[in-house]
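No lab work stands behind these numbers, since they all come straight from the coordinates. On a predicted model such as this, the values are computed, not experimentally measured, just so you know. Virtual Cβ from ideal backbone geometry, glycine too; neighbours counted across all protein chains shown.
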């Protein structure tokens, strides 16, 4: 069965809203865990935060694929259509990168369509929700931040402020498998979601899949994420995406994680992705262990080419079927080079494969983010299987 060409990876995730906003009023700060002595993304210091109105969390209604971000961005400020409030960081604050930012849109005339964040005029972040907390990567120096909210009638409101980035904090976002509420989708986005009916994980049918976090056994860290896949239709897939934030300055990424499966004979393929979108271009480092490839006589690792009418490309790295119920350590090293993605190397347990592969970025993608994703693909019989992820870290530099 040939694998279907799909648009690799997804949209803004609800996860950070629930994890970082839960129990946090709009006038409070929140931050994502990064490794190192700091322990958090910087929310800033040296300036006073503002108190924001309490706004009920809301997601946009189904809509066509979003249009490209306007450049330069409009700067309408507050108006009769509403306002945008940023409780943290405060304007003029000194921060380290990545910076944790919380923003909320108060709209008066129509529901939310989406929110965008511009750093120095570059569209770096997108969400379908009316509030968010996320991480933003910036180089040292003074930067202008604009948060723009668009309602369902196309009306814009915004707020702008500056921050002073004094240096870099920890470059690694750690324990990503513990962030709750990764965004799931099967062949198409589900009814009622902003991208309802649009392609997601592709495949023949809709998989039946679950994700459970905080699993102590099996686990290496004491807290793994457990995934299941099944369903009535062969060759059905499920994709899980976690949005971390945004930024146009990072160019190097290391995706480091452990994976285990219980029934490797049921697996068609396992996919692991990193995405960075800037303005209307998306750099997708899409990778998959294709258990049913034919390099030679074993499975192979494939990588994603974002050029039109291309998709998955074979590599020289073998990926034989994983042993059942054993942890496998995977480390991908990536780079963004101009309008290309660069697959530098792959480490699988004790074996390292230098790849040095360059492929095109994807044009006309309007939803800015830095995110990671994991996809389970079903075989011809959609034989059920389980997978576990642990120690999922992304280093962003």
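Is the stretch 169-214 rounded, prolate or oblate when judged by the Cα gyration tensor, a ≥ b ≥ c being the square roots of its eigenvalues, rounded requiring a/c under 1.5 and prolate requiring a/b larger than b/c? Since a/c reaches 1.5 and a/b is larger than b/c, the shape of the stretch 169-214 is classed as prolate. Mind checking which of 159, 127, 108 has the largest fluctuation in a GNM of the chain, springs on alpha carbons under 10 Å? Sorting by GNM fluctuation, first place goes to 108. Going through [x] 5, 18, 18, 15, 13, 10, 8, 6, 4, 2, 0; [y] 5, 24, 34, 24, 11, 2, 0; [z] 4, 17, 19, 18, 18, 14, 8, 2, 0, 0, the figure that equals P(r) over Cα pairs in 10 Å bins from 0, in percent as computed for the structure here is [y]. Beta bridges from DSSP with both residues in the chain: antiparallel share about 95 percent, rounded to the nearest 5. GNM on the chain, C-alpha springs below 10 Å: top fluctuator among 227, 126, 161? Of the options given, 161 has the highest mean-square fluctuation. Taken along the Cα-to-beta-carbon direction at a fixed 7 Å, the label points for residue 263 and residue 166 span 5.5 nm.
The mean sequence distance of close C-alpha pairs (under 8 Å, at least 6 residues apart), as a share of the length of the chain, puts its relative contact order at 19 percent. Cβ-Cβ distance of residue 213 and residue 364, R₀ of 30 Å, FRET efficiency by 1/(1 + (r/R0)^6): the value works out to about 0.35. Placing a pseudo-label 7 Å from each Cα along the Cα-to-Cβ vector at residue 397 and residue 326 gives an inter-label distance of 3.1 nm. The label point for residue 109 and the one for residue 223, both projected 7 Å from the Cα toward the Cβ, are 4.4 nm apart. What the Cβ-Cβ distance of residue 337 and residue 67 gives, at R0 = 35 Å and to the nearest 0.05, is a FRET efficiency of 0.80.
Given the rule -39500 (n - 2.57) for each run of at least 4 DSSP H residues, summed and divided by the residues of the chain, what is its mean residue ellipticity at 222 nm, to the nearest 500 deg cm²/dmol?
Theoretical 222 nm ellipticity from helices: -500 deg cm²/dmol.
Once C-alpha pairs closer than 8 Å and six or more residues apart are averaged by separation and normalised to the residue number of the stretch 172-396, the relative contact order reads 30 percent. Take the Cβ atoms of residue 292 and residue 152, set R0 to 51 Å, and the FRET efficiency comes out at 0.70. Result for the chain in a Gaussian network model with C-alpha springs under 10 Å: among 276, 131, 339, the largest mean-square fluctuation is at 339.
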